[in-house]
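Okay, so here's the structure we're looking at.
Bear in mind that the values in this text are calculations on the coordinates, not laboratory data. All values reported here derive from a predicted model rather than from experimental measurement. As a convention, Cβ positions derive from the backbone with ideal geometry for all residues, glycine included, and neighbour counts pool all protein chains shown.
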């Protein structure tokens, strides 16, 4: 596609903001600047990645690839040929990010707080990584930019563990971090030249996990603080809109949806109770304590691996028996019900249905999609299948959103993997 020189693309990501909540807040008058963009542009509901985890979803958005092509399958993954857990980093992403393609053309990008971009890699422009970045210096390109951000009080994320039992203090901290992040975003917008400007607000995800029960309940003591955080985001949208000229295309989107959480569901406990998984000690210290003879195990969030011989050190399932076991597990897992008889699992996906690419053999064998309210987990130290949670909100695959400031015809159902193509076309890539 021919790129019109001087054309700019601005993206604002809202981590975990549901389409349903966004439209509710717009209708209530909380987000007038966003409403103005919606009225002249295009807003659609979007579907997330499988699984609907931020690291997987954002990587899918900024590469346009599925996990079997980009290499990020979950928040955690397995060290090959072992049961050891590792945290994937930006170095594990095997497909180029949109801004890396622009760098090849000496076109400038400003990237702020996009999850799954740590540690920062060199690019033509600036980048400060998002969750789960540990060291601000390693999160920044150029590296020396970290000193300025530190002086400004910039933080990548709040320490949620510091606010146990103090949700009022947590929401104040989220407001403060959002305010500082917004000032940095606007300052960069004003002073930096760019072809692509991409910033993500992650305070929304933290807010939803801990306080989604306050989202719609006007009598909730934290409701006003919940709504005010979105009002602050809307003010940021308004400030960005003021600064954008006629040759700038604006997009906003989320990586997944959110809903109220009723129960956690521990898939490894279910596998144990149904004879598929055993550990050598009780309680196990780690997945490495898996016992010989175990046929399957789960990693968050309900990614099930067949314990294959030759693939895992204590593998017990012959490769010729893998498909039969996968079918058996899928048939039983779809029937899980809670204490009230309510079904828990909405869909069971086999690896072959959802992953297509050179890295597919690294994927799990089954992925479970929960019905709303049931948060699937792969804990190894829980005896019960159904658990209470300190969270009030959980990710959903459906109910994400995509917003374009200009009218667009979009294929429906719309999925987050389509965002990359829209941005790339707008940039002439």
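Just a few scattered comments:
- Judged by the mean number of other Cβ atoms found within 10 Å, the most tightly packed of the peptides 91-99, 107-115, 314-322 leads the ranking 107-115, 91-99, 314-322.
- The label-point distance for residue 408 and residue 382, in a model that sets each label 7 Å from Cα toward Cβ, rounds to 3.7 nm.
- Among 351, 101, 40, a tally of other beta-carbon atoms within 10 Å of each Cβ gives an order, fewest to most, of 40, 101, 351.
- Each principal axis of the Cα atoms in the range 159-264 has its own extent, and those three values, largest first, are 46, 25, 24 angstrom.
- Here the gap between residue 347 and residue 147, fully extended at 0.36 nm per residue and compared with their Cα-Cα distance, gives a gain of 67.3 nm.
- Available extension along the chain between residue 101 and residue 328 is 77.3 nm, counting 0.36 nm per residue and deducting the alpha carbon span.
- Sequence of 23, 47, 396, 117 once ranked by neighbouring C-beta atoms within 10 Å, starting from the fewest: 23, 47, 396, 117
- Between the range 407-421 and the range 1-67, the alpha-carbon centres lie 10 Å apart.
- Helix-only [θ]222 nm of the chain, DSSP H runs n ≥ 4, -39500 (n - 2.57) each, per residue, nearest 500: -9500 deg cm²/dmol
- Of the beta bridges in the range 263-387, as assigned by DSSP with both residues counted there, near 70 percent are antiparallel.
- Cα long-axis angle, helix 167-191 against the chain (0 to 90 degrees, to the nearest 10): 50 degrees
- Highest mean first, the peptides 294-301, 306-313 sorted by other C-beta atoms within 10 Å per residue fall in the order 294-301, 306-313.
- Gained length - residue 27 relative to residue 39, 0.36 nm times residue gap less alpha-carbon distance: 3.1 nm
- Packing around the peptides 135-148, 199-212, 176-189, taken as the average count of other Cβ atoms within 10 Å per residue, puts them in this order, highest first: 199-212, 176-189, 135-148.
- Isotropic mean projected area of the C-alpha convex hull, the range 263-387 (nm²): 7.5 nm²
- Efficiency of FRET from Cβ geometry, residue 186 and residue 335, R₀ 51 Å, rounded to 0.05: 0.50
- Ranking of 239, 159 by neighbouring Cβ atoms within 10 Å, starting from the fewest: 159, 239.
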